[in-house]
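Below: one structure, written as structure tokens.
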Amino acid sequence: MDIYKLKLFTALATAGHFGRAASACHVSPSTISRNLKQLEEELNTELVLRDNRSVALTEQGQQFLQFAREALQQWETFQESLLTDSKPLRGQLSIYCSVTASYSFLYDILTEFRTRHPGINIKLHTGDPAQAIARVTSGMEDIVIAARPDRLPTGLDFKPIARSPLVFIAPMQQDSNMHWHQQPVIISEEGLARERFDLWCKEQNLSPSIYAEVKGNEAIVSMVSLGFGVGLVPLIVLENSPLQARVKRVIDQPDLGVVETGICVLKKRLKSPIVSALWRQIADKAP
């Protein structure tokens, strides 16, 4: 078993498709397939269920994926540790955040970081902020920008960079005298906002009409602007949305607390000089 095979396997598991994984790794699909077969022979178990369009991991494949990601992280950390202090850092840093976070926070963070460490390449992934903690915990990302959960999982470290209240928003044309829970609700499928919303509804003995459950706060603002209902988002999302003029904050809304946004990392990944470099930069500026 070698690092190359682990990289190909994790690419396949992430892409869920031989062709996309091959494209990401700049190899042929047959190379992915051949190395997967060799891994399965070495382990004497089936890792992937195949069909013509996609792949799915078996239970053993899921376990091996966790091992592969941890092994790759340890390998990268070891390689980076061989760099002396006199040499500039070189390598790759994987970051995950929402679209809003990418233009709200990353510009300032990465502008300074790139100036200090021009030899480090940034691999940026954007998506649903509710997935951020899981992605860094699983080893898919080095660092994520995430909302701090009410209970931070063991093994993670968190540095705050901003605080923003959760606010209900409504279509601009909606009657201001109509209470939000009389309207269909557009809410995140999961994450901190959904947890607090569900808890508040339970405490108030309310059964709101859920019109849509979506991934990503930006999609909530978009659906509200089209008149599909009221939504719940962090205020910073609303303030940075190109659609903010088409929605309005609900009058007399409940207080669901603030969302603390920050940088999150596995503590063991701080042994990596590259990860540690960005972490120290954030720590120096943390409020």
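Sorted largest first by accessible area at a 1.4 angstrom probe radius, with every protein chain in place, the residues LYS202, LYS268 fall in the order LYS202, LYS268. Taking segment 56-202, how much of its Cα-Cα pair set, in percent, is spaced more than 23 angstrom apart? Within segment 56-202, distances greater than 23 Å cover 53 percent of Cα pairs. Put the Cα centre of segment 132-206 next to the Cα centre of segment 230-270 and the gap is 7 Å. A simple spin-label model places the labels of GLU190 and PHE158 1.7 nm from each other, with each point 7 Å out along Cα-to-Cβ. Pairs to check: LYS215/LYS268; LYS123/LYS267; LYS5/LYS159; LYS123/LYS202; LYS123/LYS248; LYS123/LYS159. Give those whose C-alpha atoms are more than 31 Å from each other in this structure. LYS5/LYS159; LYS123/LYS202; LYS123/LYS248, as the Cα separations exceed 31 Å there. The sum of -39500 (n - 2.57) across all DSSP H runs of n ≥ 4, divided by the residue count of the chain, sets its helix-only mean residue ellipticity at 222 nm to -13000 deg cm²/dmol. The simple Förster model, with R0 at 25 Å and r as the Cβ-Cβ distance, assigns ASN121 and MET172 a FRET efficiency of 0.05. Sorted largest first, the principal axis extents computed over the alpha-carbon atoms of segment 129-223 equal 46, 28, 22 Å.
Within a straight-line Cα-Cα reach of under 17 Å, LYS37 can be paired with the following aspartates and glutamates, leaving aside sequence neighbours fewer than 8 residues apart in one chain: ASP2, GLU46, ASP51, GLU59. Model label points for GLN62 and SER207, set 7 angstrom from Cα along the Cα-to-Cβ axis, are 3.3 nm apart. Of the solvent-accessible surface of segment 165-287, computed with a 1.4 Å probe over protein heavy atoms with every protein chain present, carbon and sulfur atoms account for 48 percent. A convex hull fitted around the alpha carbon atoms of segment 1-123 yields 128 Å³ per residue. Rg over Rh for the chain works out to 1.03, both radii taken from alpha-carbon positions and Rh defined as the Kirkwood radius. Packing order of peptides 223-231, 148-156, highest average first: 223-231, 148-156 (average count of other Cβ atoms within 10 Å over each peptide's residues). Against the main long axis of the alpha-carbon atoms of the chain, helix 29-43 sits at an angle near 70°.
For the chain, what's the relative contact order in percent, using C-alpha pairs closer than 8 Å and at least 6 residues apart? Walk me through the intermediate numbers first.
On the way: 466 pairs, mean separation 59.4, N = 287.
Averaging sequence separation for qualifying contacts and normalising by length gives 21 percent for the chain.
Residues whose amide H falls under 5 Å from that of GLY127, counting only those 5 or more places apart or on a different chain, are CYS97, SER98, VAL99, with hydrogens built in the peptide plane. Rounded to the nearest 5, what % of DSSP beta bridges with both residues in segment 42-154 are antiparallel? Percentage antiparallel, nearest 5: 25.
Measuring only protein heavy atoms, the 1.4 Å probe finds SER54 accessible over about 50 Å². Springs between Cα atoms under 10 Å define the GNM used for the chain, and in it the highest mean-square fluctuation of VAL27, VAL214, VAL258 occurs at VAL27.
Between helix 192-203 and the chain there is an angle of about 40 degrees, using the helix long axis and the longest principal axis of the Cα atoms. The stretch between VAL27 and ASP51 holds 6.7 nm of extra length on full extension. This uses 0.36 nm per residue minus the Cα-Cα distance. Sorted into 5 angstrom bins from 0, the C-alpha pair distances of segment 203-287 split as 2, 10, 17, 16, 14, 11, 11, 9, 8, 2, 0 percent.
Could you put CYS97, CYS25 in order of accessible surface area, largest first, with the 1.4 Å probe and the full protein assembly present? Walk me through the numbers on the way to the answer.
Numbers: CYS97 0, CYS25 40 Å².
These residues rank, largest area first, as CYS25, CYS97.
Where both residues lie in the chain, what percent of DSSP beta bridges are antiparallel, nearest 5? Percentage antiparallel, nearest 5: 60. In the elastic network of the chain, a GNM with C-alpha springs shorter than 10 Å, the most mobile of HIS117, HIS26, HIS17 is HIS26.
The values are calculated or read from the model by the stated rules, or taken from the named source; none is laboratory data. Owing to the predicted nature of the structure, the values given are computational and were not obtained by experimental measurement. With ideal geometry, Cβ positions are generated from the backbone for all residues, glycine too; neighbour counts draw on all protein chains shown. When the accessible area is computed, the model is the full protein with side chains, heavy atoms only, and any ligands, DNA or RNA have been set aside. Shrake-Rupley method; radii C 1.70, N 1.55, O 1.52, S 1.80 Å.
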